[in-house]
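For reference, the structure discussed in these notes is given below.
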């Protein structure tokens, strides 16, 4: 089975404040469904209150990011699924619950992971 990353940037979730609790519950319901189906690996949201660090190969730590990931935020989950079609199905469920489009990416196979 292949692992898939389903994610969205925080700015994509343009939900009125009064609907936020309902969106959260709908998203949690899809995650509960994925867990019950045995396809959930892990997920969560990037904590925007904690600054990212860059750790170099020599162990040097700096307060920076790669330029292309400076805006990396939002939510994600990893599901293990039998096919890309199944991944699209789950991404659609999450998109409906979160009321925003989801990006779908496939992890490459690594026999050591």
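The values are calculated or read from the model by the stated rules, or taken from the named source; none is laboratory data. For clarity, every value in this text was computed on a predicted model and none was experimentally measured. Methodologically, a virtual Cβ is constructed for each residue, glycine included, from the backbone with ideal geometry; neighbour enumeration extends over all protein chains shown.
Here are a few things to note about the model shown:
- Considering region 97-113, the residues that are over 15 Å from residue 11 (Cβ atoms) and touching a residue at least 60 places away in the same chain (Cβ under 8 Å) include one that is surrounded by the fewest Cβ atoms within 10 Å (Cβ to Cβ), namely 109.
- Under the condition of being exposed (fewer than 10 other Cβ atoms within 10 Å of the Cβ), modelled with pLDDT of 95 or more and assigned to a loop (DSSP other than H, G, I, E, B), the residues counted in region 30-56 number 1.
Let's see how each residue does on (1) out of contact with any helix residue (DSSP H, G or I) (no Cβ under 6 Å at 6 or more places or on another chain); (2) closer than 24 Å to residue 1 by Cβ:
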site	(1), (2)
17	yes, no
21	yes, no
30	no, yes
34	yes, yes
62	yes, no
70	yes, no
77	yes, yes
96	yes, yes
103	yes, yes
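- Test: residue in region 68-83 that is outside any loop (DSSP other than H, G, I, E, B) and without any contact (Cβ under 8 Å) to a residue 60 or more places away in the chain: yes
- Residues being in contact with a strand residue (DSSP E or B) (Cβ under 7 Å, 6 or more places away or on another chain) and either touching a residue at least 12 places away in the same chain (Cβ under 8 Å) or within 15 Å of residue 103 (Cα to Cα) (or both) - total across region 45-63: 2
- Candidates in region 97-113 are the residues that are outside any loop (DSSP other than H, G, I, E, B) and touching a strand residue (DSSP E or B) at 6+ places or on another chain (Cβ under 9 Å); of these, the one that is farthest from residue 19 (Cα to Cα) is 106.
- The residue of region 57-96 that is farthest from residue 22 (Cα to Cα), among those that are over 13 Å from the mean Cα position of the chain (by Cα), modelled with pLDDT under 95 and surrounded by 11 or more Cβ atoms within 10 Å (Cβ to Cβ), is 64.
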